[in-house]
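The values are calculated or read from the model by the stated rules, or taken from the named source; none is laboratory data. Worth saying up front: this structure is predicted, and the values here are computed from it rather than measured. Glycine also receives a Cβ, built like all others from the backbone with ideal geometry; neighbour counts cover every protein chain displayed. Please note that ligands, DNA and RNA were not included when accessible areas were found on the heavy atoms of the full protein model with its side chains. Shrake-Rupley method; radii C 1.70, N 1.55, O 1.52, S 1.80 Å.
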Amino acid sequence: MSRELTQAEALREALCEEMRADKQIFIMGEDVGPHGGIFTVTKGMFDEFGGERVRDTPISEAGFVGAALGAAIIGGRPIAELMFGDFAAVAMDQLVNQIAKARYMSGGKVKAPLVVRLTIGARGSTAAQHSQSPHAWFMHTPGLYVAVPSTPADCKGLLKTAIRNDNPVVFCEHKKLYFVKGQVPDGDYMTPFGVADIKRQGKHATVVAISIMVNKALAVADKLAREGIELEVIDPRTLVPMDWETIFKSVRKTGRLVVMDEGCFTGSVAAEIASKVSKECFDYLDAPVERVCATDTPIPFSPPLEEFVIPQEDDLEKAVRSILVGAACA
Amino acid sequence: MGVCEVLKDGDFVTSTHRGHGHFLAKGGDPKLMMAEIMGRETGYCKGKGGSMHIADISHGIIGANGIVGAGIPIAAGAALQLQMSGKDGVVACFFGDAASNQGTFHEALNLASLWKLPVVFICENNLYGISVRQDRHQNITNIANRAIAYGIPGEVVDGTNVLAVYDAMARATKRARGGDGPSLVECKCYRWLGHHAGDPAHYRPAGELEAWKERCPVKLFGERLIDNGIIDEQQSKQVLESAAAEMLEAQAWAAQQPWPLPEKALEDVYV
Ligand SMILES: Cc1ncc(C[n+]2csc(CCOP(=O)(O)OP(=O)(O)O)c2C)c(N)n1
Ligand SMILES: [Mg+2]
């Protein structure tokens, strides 16, 4: 059985169910308390769990993200919420030098079971400091797990996995998806890390799409299917660990790959995927791997500029057509 | 207004996510500001910055900022540059009550006091950081007291009294220009609207907003001018009407401005 929930509701269910089951779990962040979070994820949780466990923080990102590590190291299971992923930069020392390395530097003696939930993506003219998609920063930092769910069901299942996991997890929630609905299974279920979801089977080209780009890729796949072009759309769901085998298998079948991501082009998650696939599937590729990413610019404020910078369905369609030139289906 | 009135050409301000007032008070052009807020090509930042990132270096406006607390060290740095180049300019650094909980606030005050930088730190204490009331985000009432930790003057003023703000700013600016270093001025004030359009601000206790509205700084100053015979009712009304008309005109002008060409997004990343 399942119900229709928004991403925000699905995340809230995961948080509430886990917090009911484990008293060590608490959440802290800006305006998460009585206000319920600016994207409503923690709405009502202050009333159920109280201000100790649903804790408003001062605007001190380095402070409370670091505090999450301290609590986690000695037995707590904190969840820190960064209202905008852009503010992770304020807490970067704690994330990169402290949280990510705590276990390794202790020779495996320390555990840091914490989750940093943060928001990614452009939502419409929130400009350069509130629109970034910084998941590549975290993928580039060994020691962090990185989740990038695209559906309410995966939000719930992956967040539960993140909370129960003993590693630090950076959990990236796309702002534009908070109020988008989807079917969410009933009951207590977990979505495993490192298992990609093949959203659509196809034989002409593989599209690996990240977070909200999955929706765009599926729309393009629908459109192209009417011309007989069948795209295989893969949602990796977690970047670390990454389900490489599913991606390789798909590319070995289709011979073509486009990676679509809202992060900017250079040094991106898409670049990493393209690079690995180019090596592992070298003999199977019929065209160079294409990347459809944000441009290498900050995210501009003005709507026509933002639209240009953020990867759109048209961009994907063009990329797919470019690698299918001369192919049997085209 | 009380702050920027003290400033001269050659002085600078750093601002916040709530920066439109600072911008106008420092002499920014309302038309170009509105065009920027509407994302138009002719806006101050060609539509790239928008509401939270308006800057106009030609008027000494280093920039609004989307990152709470980020402007504070930038202000200290501008003051350092003024000091090192032997100029007598000062920097006015605006930030909110909640921003005073960022590490940047503490680091910048330490730097500025250590190096006796010509900067005045202006805290607009409007009692809230989004939904979180001051007594739930810090264990003090007077942020000005944090000056003690850095060995600089800290002063609390009634932020609804523009002349009190002006006087405090004049004292702090004199000290800064004289080479005696920074000051912290805390202006007690209030945010009338929600944090952003669409925030119903249910977190405020009943009656709080009404009480602060009684202390509207514009109204109080107008009454004072009238009481002292400097202007009459009629003139007061005219001033307010012409200010409103100027903003409406700016808005109407901006709405006619062209959108930027999409490819322009690729420009201005580097010099
Ligand atoms: C580093 C950072 N953290 C959080 C935010 C989100 N945010 C924007 S304004 C704001 C409240 C700021 O409060 P205050 O400094 O008192 O200024 P006010 O809005 O009251 O003028 C918050 C939390 C942000 N923009 N930057
Ligand atoms: Mg405030």
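Here are the numbers:
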item	result
Selected residue [within 16 Å of ligand 2 (Cβ to nearest atom) and either modelled with pLDDT of 95 or more or hydroxyl-bearing (Ser, Thr, Tyr) (or both)] from A:Pro134, A:Pro142, A:Pro58, A:Pro78	A:Pro58
Cross-chain or 6+ apart pairs with Cβ under 6 Å, the range A:225-238 first and part of a loop (DSSP other than H, G, I, E, B), then of a type in the set (Ser, Thr, Tyr) and open to solvent by 30 Å² or more (accessible area, probe 1.4 Å)	none
Hits in the range A:77-94 - residues which are farther than 18 Å from A:Cys155 by Cβ and either touching a Ser or Thr at 6+ places or on another chain (Cβ under 7 Å) or open to solvent by 10 Å² or more (accessible area, probe 1.4 Å) (or both)	A:Arg77, A:Phe87, A:Ala89, A:Val90, A:Met92, A:Asp93, A:Gln94
Matching entry among B:Lys213, B:Lys219 (being under 25 Å from B:Asn142 (Cα atoms), open to solvent by 80 Å² or more (accessible area, probe 1.4 Å) and more than 13 Å from ligand 2 (Cβ to nearest atom))	B:Lys213
Pick from the range A:4-49, criterion free of Cβ contacts under 8 Å to residues at least 40 places away in the same chain and of a type in the set (A, V, I, L, M), ranking: farthest from the other protein chains (Cβ to nearest Cβ)	A:Ala21
Qualifying positions in the range B:52-86 - within 15 Å of ligand 1 (Cβ to nearest atom) and assigned to a helix (DSSP H, G or I)	B:Met52, B:His53, B:Gly71, B:Ile72, B:Pro73, B:Ile74, B:Ala75
The lone exception for B:Gly21 - which of (1) away from chain A (no Cβ under 14 Å); (2) not in a helix (DSSP H, G or I) it fails	(2)
Residue satisfying condition, being open to solvent by less than 30 Å² (accessible area, probe 1.4 Å), in a loop (DSSP other than H, G, I, E, B) and closer than 22 Å to B:Glu246 by Cα, within set B:Gly2, B:Gly27	B:Gly2
Of all residues making up the range A:201-227, the number that are closer than 27 Å to A:Leu144 by Cα and open to solvent by 10 Å² or more (accessible area, probe 1.4 Å)	2
Pair list, Cβ under 8 Å, 6 or more apart: the range B:255-270 residue at the interface with another protein chain (Cβ under 10 Å from one of its Cβ atoms), other residue assigned to a loop (DSSP other than H, G, I, E, B) and surrounded by fewer than 16 Cβ atoms within 10 Å (Cβ to Cβ)	B:Val269/A:Asp296
Selection count where residues are within 12 Å of chain B (Cβ to nearest Cβ) and under 19 Å from B:Arg136 (Cβ atoms), scope the range A:50-81	10
Residue that is most open to solvent (accessible area, probe 1.4 Å) [pool: residues in the range A:283-306 that are more than 27 Å from A:Phe138 (Cα to Cα), in a loop (DSSP other than H, G, I, E, B) and away from every other protein chain (no Cβ under 14 Å)]	A:Asp286
Which listed residue is among the charged types (D, E, K, R), open to solvent by 10 Å² or more (accessible area, probe 1.4 Å) and touching a Ser or Thr at 6+ places or on another chain (Cβ under 8 Å), from A:Glu280, A:Glu272, A:Glu230, A:Glu262	A:Glu262
Breaking point among (1) away from ligand 1 (no atom under 16 Å from the Cβ); (2) assigned to a loop (DSSP other than H, G, I, E, B); (3) surrounded by 13 or more Cβ atoms within 10 Å (Cβ to Cβ), for B:Pro205	(3)
Residues of the range B:33-62 satisfying the condition of being away from chain A (no Cβ under 14 Å) and of a type outside the set (Val, Ile, Thr)	B:Asp56, B:Ser58, B:His59, B:Gly60
Filtered residue count, the range A:120-150, keeping only those that are away from chain B (no Cβ under 14 Å) and either surrounded by 24 or more Cβ atoms within 10 Å (Cβ to Cβ) or closer than 29 Å to B:Ala265 by Cβ (or both)	15
Selected residue [out of contact with any helix residue (DSSP H, G or I) (no Cβ under 6 Å at 6 or more places or on another chain) and open to solvent by 40 Å² or more (accessible area, probe 1.4 Å)] from A:Asp154, A:Asp186	A:Asp186
Flag if B:Gln251 is among the polar types (S, T, N, Q) and loosely packed, with under 13 Cβ neighbours inside 10 Å	no
Filter result for the condition that a residue is touching a residue at least 12 places away in the same chain (Cβ under 8 Å), within 16 Å of ligand 1 (Cβ to nearest atom) and within 28 Å of A:Asp235 (Cβ to Cβ), over A:Ala112, A:Ala89, A:Ala100, A:Ala62	A:Ala89
Qualifying residue in the range A:11-30 (condition: buried (at least 22 other Cβ atoms within 10 Å of the Cβ), within 13 Å of ligand 1 (Cβ to nearest atom), assigned by TED's automatic domain parsing to the domain that holds A:Asp166 and not in a strand (DSSP E or B))	yes
Tally, over the range A:308-330, of residues that are within 14 Å of chain B (Cβ to nearest Cβ) and either of a type in the set (Ser, Thr, Tyr) or within 19 Å of A:Leu218 (Cα to Cα) (or both)	5
Residue match in the range B:198-220 (condition: of a type in the set (A, V, I, L, M), within 14 Å of another protein chain (Cβ to nearest Cβ) and touching a Phe, Trp or Tyr at 6+ places or on another chain (Cβ under 7 Å))	no
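Residue-by-condition table, conditions (1) farther than 19 Å from B:Leu266 by Cβ; (2) within 23 Å of the chain's Cα centre (by Cα):
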| residue | (1), (2) |
| --- | --- |
| A:Lys216 | yes, yes |
| A:Ala225 | yes, no |
| A:Ile229 | yes, no |
| A:Gly255 | yes, no |
| A:Cys264 | no, yes |
| A:Asp283 | yes, no |
| A:Ser322 | yes, no |
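Quick grid of which residues meet (1) on the phi < 0 side of the Ramachandran plot; (2) open to solvent by less than 20 Å² (accessible area, probe 1.4 Å); (3) touching a Lys or Arg at 6+ places or on another chain (Cβ under 9 Å):
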| site | (1), (2), (3) |
| --- | --- |
| A:Thr238 | yes, yes, no |
| A:Arg252 | yes, no, no |
| A:Phe308 | yes, no, yes |
| A:Leu324 | yes, yes, yes |
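So that you can scan it fast, the table gives a plain yes or no per residue for (1) more than 14 Å from ligand 1 (Cβ to nearest atom); (2) of a type outside the set (Val, Ile, Thr); (3) in contact (Cβ under 8 Å) with a residue 12 or more places away in the chain:
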position: B:Asp88; (1), (2), (3): yes, yes, yes
position: B:Gly96; (1), (2), (3): no, yes, yes
position: B:Phe121; (1), (2), (3): no, yes, yes
position: B:Glu124; (1), (2), (3): no, yes, yes
position: B:Asn139; (1), (2), (3): yes, yes, no
position: B:Val156; (1), (2), (3): yes, no, yes
